1. Mind checking which residues of the range 143-200 are modelled with pLDDT of 95 or more and among the acidic types (Asp, Glu)?
2. Taking the range 18-70 on its own, how many of its residues are part of a helix (DSSP H, G or I), out of contact with any Pro (no Cβ under 6 Å at 6 or more places or on another chain) and within 20 Å of Leu101 (Cα to Cα)?
3. Can you tell me which residues in the range 230-251 are assigned to a helix (DSSP H, G or I) and among the β-branched types (Val, Ile, Thr)?
4. Taking the condition of being within 20 Å of Leu178 (Cβ to Cβ) and either without any contact (Cβ under 8 Å) to a residue 40 or more places away in the chain or not basic (Lys, Arg) (or both), how many residues in the range 270-299 meet it?
5. Could you list, in sequence order, all residues of the range 269-307 that are assigned to a helix (DSSP H, G or I) and either within 23 Å of Lys38 (Cα to Cα) or in contact with a Cys (Cβ under 7 Å, 6 or more places away or on another chain) (or both)?
6. Would the range 252-268 turn up any residue that is assigned to a loop (DSSP other than H, G, I, E, B) and either among the aromatic types (Phe, Trp, Tyr) or under 20 Å from Ala163 (Cβ atoms) (or both)?
7. Can you tell me which of Gly102, Gly44 is over 16 Å from Ala184 (Cβ atoms) and surrounded by 15 or more Cβ atoms within 10 Å (Cβ to Cβ)?
8. Being in a helix (DSSP H, G or I) and hydrophobic (A, V, I, L, M, F, W, C) is the filter here; which residues of the range 104-134 pass it?
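The values are calculated or read from the model by the stated rules, or taken from the named source; none is laboratory data. The model shown is predicted, which means the values in this text are computed figures rather than measured ones. FYI the Cβ positions are ideal-geometry reconstructions off the backbone, even for glycines, and counts take in every protein chain you see.
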Amino acid sequence: MNTETPSKLQQVLSNGQFAVTAECGPPRGADPEVVRKKAGLLKGCVDAVNVTDNQTAIVRMSSIAASTHLLQAGLEPVMQMVVRDRNRIALQSDIMGAWSLGIKNILCLSGDHQSFGSQPDALNVFDIDSMNLVRMVKDMRDEGRDMSGFELKGPPRMFIGAAANPFADPFEYRVIRLAKKIDAGADFIQTQCVYNMDRFKEWMRLAAEEGLTEKVHILAGVTPLKSVPMAKFMANKVAGMDVPDSLIKRMAGVPKEKAVEEGMKICLETIAELQEIKGIHGVHIMAIGWEEKVSEIVQGAGLASRP
């Protein structure tokens with residue numbers, strides 16, 4: 001494999017094209033067919049696929065292994081890596097191992113606290129935070145050295161991503177945190193699901209004022225709503241999520257059997273509005289467990305025929 005060629009995602013964004021990424025949650029088991037089936041639903045409609053790393057602190061197939069299965073299926077993975085479970089030795093080792101397998105994109109995250117997962121008594125690590133993980137990957141790539149200063153024979157030249165939540169409090173700190181992640185070395189940013197468009201536009205305005213939108217590729221997150229209970233759960237139970245009451249009322253205003261259709265309409269309207277915001281370079285479709293809808297979203301948004 002040619003590890004010197006930039007990732008497809010990097011090429012798409014560098015060429016100024018509107019990128020589309022999706023997500024693939026590895027299975028709670030070792031059956032690769034689960035990943036291959038999801039790959040079949042996503043192939044041909046997205047530029048890259050995020051592979052989650054034990055999301056919600058539930059034990060699953062490793063993101064490295066699942067990313068490799070996606071590669072074998074002809075899809076480009078964005079390997080998520082969290083600092084919850086690994087110290088700096090393991091992080092660097094896994095990054096080099098992933099690169100050697102042909103994985104060229106990484107999304108650096110903190111990870112959901114283990115108390116929310118299937119094994120709440122597990123010990124966490126958090127040897128370094130996600131900001132320092134970004135910087136570590138950048139230094140390995142650009143300086144060709146590990147954290148101890150040892151020169152690497154074949155540095156992992158990853159395309160580096162980080163997450164941003166424009167809706168968490170305090171709001172005024174959101175842009176400052178974005179600037180720190182860019183300074184640490186993030187090449188692209190994937191945001192939390194956008195439902196409150198007014199607040200998101202304000203975040204983008206402030207980011208643009210600081211010149212940040214010229215320094216990084218921002219992919220806005222979208223998640224189609226399936227039902228009113230889902231909308232209420234995300235509004236009330238998911239930290240950092242902002243689902244306006246008007247959106248919940250809109251979902252509640254249609255018959256239950258029409259809820260999925262309405263949720264899809266909202267998703268497509270959101271993507272259309274995001275495409276009009278200067279500094280948005282793509283969308284990240286988070287539809288874990290609903291991968292069959294990704295193609296429909298991409299088609300409905302008019303993004304299927306992009307270069």
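1. Glu143, Asp146, Glu151, Asp183, Asp187, Asp198
2. Taking the range 18-70 as the starting set, the residues that turn out to be part of a helix (DSSP H, G or I) are 32-42, 55-57, 63-70.
Checking the rest, the ones that are also out of contact with any Pro (no Cβ under 6 Å at 6 or more places or on another chain) come to 32-33, 35-42, 55-57, 63-65, 68.
Restricting the remaining residues to those that are within 20 Å of Leu101 (Cα to Cα) gives 32-33, 35-36, 39, 63-65, 68.
Qualifying residue count, the range 18-70: 9.
3. Within the range 230-251, Ile248 is the sole residue that qualifies.
4. 9
5. Taking the range 269-307 as the starting set, the residues that turn out to be assigned to a helix (DSSP H, G or I) are 269-275, 291-300.
Hits for the range 269-307 are Ile271, Glu291, Glu292, Lys293, Val294, Ser295, Glu296, Ile297, Val298, Gln299, Gly300.
6. Checking the range 252-268: not a single residue is assigned to a loop (DSSP other than H, G, I, E, B) and either among the aromatic types (Phe, Trp, Tyr) or under 20 Å from Ala163 (Cβ atoms) (or both).
7. Gly102
8. Listed by number, the residues that qualify are Phe116, Met131, Leu133, Val134.
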